[in-house]
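Scroll down for the structure; my scribbles are underneath it.
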Amino acid sequence: MTRRRALAACGSLALAAGGALACGDGDEGARPPGPVRVVFKHSPLGDPAALRRLIAGFESAHPGMVVSAELLPNAPGAIHQYLLTSLEGRTRDFDVFLSDVVWVAELARAGWVADLSDAFPAERIRKDFLPGAASAVLVEGGTFAVPWYADVGVFYYRTDLVPHPPRTYADLIELAQSAAHKRSLHGYVWQGLQSEALVCNVYETLWGFGGPPADPSDVELCTQAARSALELMRTFLVSGISPPAVTSMGEEETRRVFQAGAAVFMRNWPYAWAELQGKGSPVRGRVGISTLPTARGALGHGALGGFHLALNVRTPSWKREAAVALIAHLTSPEANLVLATQYGRLPALRQSYDDPRLVAAAPAVAALLPAVERALPRPVTPYYPMIEDVLAAEFSAAVTGIRSAAEALDRAEAQVEHLMREVS
């Protein structure tokens with residue numbers, strides 16, 4: 001029996017509307033007296049008050065159930081390492097937890113997350129959620145997480161410094177040089193730190209040169225589009241359009257530089273919008289948001305991102321009903337609205353974009369539907385974290401000038417091919 005089939009046989013939920021639940025691992029312990037306590041692990045979103053109210057609403061609607069919300073680290077890499085260590089160690093310290101869009105397949109293959117198909121059938125996931133978010137949580141026909149919020153790489157620009165967002169890379173360079181030179185600002189900041197963030201930036205630029213969507217069965221990197229992408233990103237640094245510090249910047253470092261008013265353009269995720277427009281922000285009311293530029297001016301494809309809610313497979317059966325109810329509550333239309341209006345997170349539910357309350361309270365978020373619908377995934381594979389390590393190292397070598405773009409891509413493709421042979 002494969003790990004996937006074993007998980008489906010013993011880790012799946014047997015409830016559609018509050019019915020009995022599937023077996024645990026045989027060492028659950030008796031249910032303690034008192035309320036059923038569900039531990040929810042999540043990363044910081046900003047001011048916690050709105051999330052606390054959302055959880056309080058769940059507890060009010062479900063007497064006898066309480067939620068203990070506990071913070072994970074802010075950096076995705078640190079979250080991933082924490083989850084791998086904890087779940088491999090068979091922890092029961094938490095029940096519901098968030099998973100990055102690229103981790104679900106890995107966690108499902110390892111047998112560390114419960115199959116939620118009975119409570120959230122695949123056909124319902126495909127019907128209710130955005131296609132990219134839905135595809136990320138469905139593994140071999142089963143539902144192993146539920147989309148919490150979507151994400152996509154987007155482009156920010158200073159409306160007081162440039163007349164319009166650039167549609168092409170040539171426009172970006174011209175506008176950045178002109179505006180930055182006049183005011184001694186950085187032209188363009190993005191995520192060049194050797195990390196998953198850099199991989200997203202490179203793929204987005206690769207797609208901007210006409211490269212195809214990522215194929216997990218054939219990670220073809222030695223293409224003209226890929227070479228052009230890395231050479232352009234190197235040009236940003238060599239020309240001075242982007243500061244040397246970009247190579248050590250992740251999302252938050254980039255956001256802080258842009259929010260301080262020190263850059264004309266920025267690539268980041270939609271979460272930054274709420275921060276940029278917050279009280280006390282030096283650039284409040286002077287920022288626009290757009291799709292990414294491309295080589296020829298077509299609408300750019302941002303990398304598909306987002307976080308989803310999964311259930312620890314070792315959560316005992318007597319509390320799984322409560323855990324599944326919490327997942328349903330946190331992924332509901334009302335929760336989508338709270339995440340969008342209070343935290344700038346993109347709804348994962350397609351219907352949320354037609355909600356007049358969203359359009360009124362967060363028009364910039366509602367307007368990003370075309371961008372998130374055009375989002376493209378990185379390779380969807382259980383082995384993506386290993387592939388990402390290779391890509392981040394070689395992309396960084398090209399961007400920083402340690403290796404040429406062609407050499408870095410040759411090395412990356414050879415290493416990925418070797419890796420996939422080893423695990424197949």
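For the reader, a short list of remarks on this structure follows.
- For region 341-407, the share of accessible area belonging to carbon and sulfur comes to 56 percent (1.4 Å probe, ligands and nucleic acids excluded).
- Long-range amide H partners of Met65 with built H, under 5 Å: Val36
- Rounded to whole Hz, the Karplus (6.51, -1.76, 1.60) HN-Hα couplings of region 254-264, x for glycine and proline: 5, 4, 5, 5, 5, 5, 6, x, 9, 9, 8
- Rounded accessible area per residue of region 246-287, 1.4 Å, Å²: 38 Å²
- Expected 222 nm ellipticity per residue - DSSP helices of 4 or more, -39500 (n - 2.57), all of the chain, to 500: -13000 deg cm²/dmol
- Charge dipole (region 164-266, unit charges on Cβ, about Cα centre) - positive-most of Leu193, Ala179, Met233: Ala179
- Model label zone, Ala393; criterion: amide N under 19 Å from point 7 Å along Cα-to-beta-carbon; scope region 69-103: 77-78, 81
- Taking Lys and Arg as +1 and Asp and Glu as -1, the other residues whose beta-carbon sits under 13 Å from that of Ser86 total 0.
- For the pair Ile402 and Leu84 in one chain, pulling the backbone fully straight at 0.36 nm per residue adds 111.3 nm over the alpha carbon distance.
- The simple Förster model, with R0 at 51 Å and r as the Cβ-Cβ distance, assigns Ala414 and Gln351 a FRET efficiency of 0.65.
- Under 29 Å from Lys182, Cα to Cα: lysines that are on another chain or at least 8 residues apart: Lys279
- With all protein chains modelled, accessible area of Glu275 [1.4 Å, Å²]: 70 Å²
- Basic side chains Lys and Arg get +1 at the Cβ, acidic Asp and Glu get -1 at the Cβ, and with that the dipole of the chain about its Cα centre reaches some 940 debye.
- Separation in nanometres of the label points that stand 7 Å from Cα toward Cβ, at Glu373 and Ala245: 3.9 nm
- Using the 1.4 Å probe convention, the accessible area of region 75-190 works out to 38 Å² per residue with neighbouring protein chains retained.
- Amide H within-cut-off set for Ala367, under 5 Å, with H built and near neighbours excluded: none
- Look at where the Cα atoms of region 381-424 and of region 80-142 average out, and the two centres are 26 Å apart.
- Beta bridges per DSSP with both ends in the chain, % antiparallel, nearest 5: 65 percent
- Extension gain (nm, one decimal) between Glu252 and Asp171, 0.36 nm per residue minus Cα-Cα: 26.6 nm
- Packing here is the average count of other Cβ atoms within 10 Å per residue, and on that basis the peptides 134-146, 367-379, 77-89, highest first, run 134-146, 367-379, 77-89.
- Remark: spin-label model distance Thr235-Glu220 equals 2.4 nm, labels positioned 7 Å along the Cα→Cβ axis.
- Element breakdown for region 166-319 at a 1.4 angstrom probe: carbon and sulfur atoms account for 51% of the accessible area.
- Long-range HN-HN contacts of Val287 with modeled amide H, under 5 Å: Thr159
- Between Leu71 and Ala298, the simple label model (points 7 Å from Cα in the Cβ direction) yields a spacing of 4.3 nm.
- Net charge contributed by nearby residues that have their C-beta within less than 9 Å of Arg378 (K/R +1, D/E -1): -2
- Compared with the alpha-carbon gap, the fully stretched path from Ser60 to His181 is longer by 37.9 nm at 0.36 nm per residue.
- Counting only residues at least eight positions apart within a chain, or on another chain, the lysines with an alpha carbon under 20 Å from that of Lys319 are Lys41.
- Since only Leu116, Ala295, Thr168 are under comparison, the one whose Cα sits farthest along the positive direction of the charge dipole of the chain, derived from C-beta charges on Lys, Arg, Asp and Glu, is Thr168.
- Förster-model FRET efficiency, 45 Å R0, Thr159 and Arg421, C-beta, rounded to 0.05: 0.35
The values are calculated or read from the model by the stated rules, or taken from the named source; none is laboratory data. All values derive from a computational prediction rather than experimental measurement. Here Cβ is always computed from backbone atoms with ideal geometry, including for glycine, and neighbour counts include all displayed protein chains. All accessible areas refer to the heavy atoms of the entire protein, side chains included, with ligands and DNA or RNA removed. Shrake-Rupley method; radii C 1.70, N 1.55, O 1.52, S 1.80 Å.
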